[in-house]
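Visitor: Before we start, here is the structure in question, set down as structure tokens.
Every number here is computed from the coordinates shown, using simple stated rules; none is lab data. Just so we're clear, the structure is a prediction, and the values are computed from it rather than from any experiment. Here Cβ is always computed from backbone atoms with ideal geometry, including for glycine, and neighbour counts include all displayed protein chains.
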Amino acid sequence: MDRLNQWLALVANLGVVVGIAFLAYEIQMNTESLDENRKLTRADMERQMIQQYDEVSYQMFENQEIAAITMKGFQNLDGLEEADYSLFFSRFTSRLNFFMSAFRLAQDGFLSEEYAENNGRNLRAFLELPGPGRLWTEVSSLYPASFREYVAALQRNSGEDTPRYTPQKLGSG
């Protein structure tokens, strides 16, 4: 009877070891699946961001009157009439919100480093234009601190490499 109990205990212990090994295997497979899903999500997010950017750009220049107001606003806000200023401001905030969305997605790891750096260069070039640069100084306080700090780093490093996005937890900053 004692011998039988030893064999049963041995079989039970082997069952536990096999169960743990199986659990480790399942966790590994789940991790690989999550990594693959994250890559697909990243690629999908980048495609969506590019499509959205293209749509905004196309809409901006589809109408000749809006295109003229936009080009004028890029260079000199003082020359815009009130209605034109409102239209330009709307286009400016739309573009700026796009840049901020890309910034947050990059922070959370949903955009590739290459895409994030290109976005940073585009944002810097956008804010180097006289009109958008001036508007940014007027509205920057309305944006999250992490985005303002990133823009400040972009502006300090004009002509140099784009500052890296700093990963943060979702919803912070």
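Visitor: How about segment 84-164: which chymotrypsin sites (Phe, Trp or Tyr not before Pro) there are in a DSSP loop, with at most 15 other Cβ atoms within 10 Å of their Cβ?
Guide: Numbers: sites: Tyr85, Phe88, Phe89, Phe92, Phe98, Phe99, Phe103, Phe110, Tyr115, Phe126, Trp136, Phe147, Tyr150; in loops: Phe110.
Here no loop site has a sparse enough neighbourhood.
Visitor: Roughly how many nanometres apart are two label points built 7 Å out from the Cα toward the Cβ at Asn30 and Asn122?
Guide: Taking the simple label geometry, Asn30 and Asn122 are separated by 3.7 nm.
Visitor: Expressed in nm to one decimal, what extension gain is obtained for the pair Gln52 and Val17 from 0.36 nm per residue of sequence separation less their Cα-Cα distance? Working shown, then result.
Guide: Numbers: separation 35, 0.36 × 35 = 12.60 nm, distance 5.19 nm.
Between Gln52 and Val17, full extension yields an extra 7.4 nm.
Visitor: In what order do Leu8, Leu111, Leu87 fall by count of nearby beta-carbon atoms within 10 Å, going from fewest to most? If you can, show how the numbers build up before the last one.
Guide: On the way: Leu8 10, Leu111 24, Leu87 17.
Starting with the residue having the fewest Cβ neighbours, the order is Leu8, Leu87, Leu111.
Visitor: Output the direction-averaged projected area (hull surface divided by four) of the convex hull of the alpha-carbon atoms of segment 42-156, in nm².
Guide: On the way: hull surface 27.9 nm².
It is 7.0 nm².
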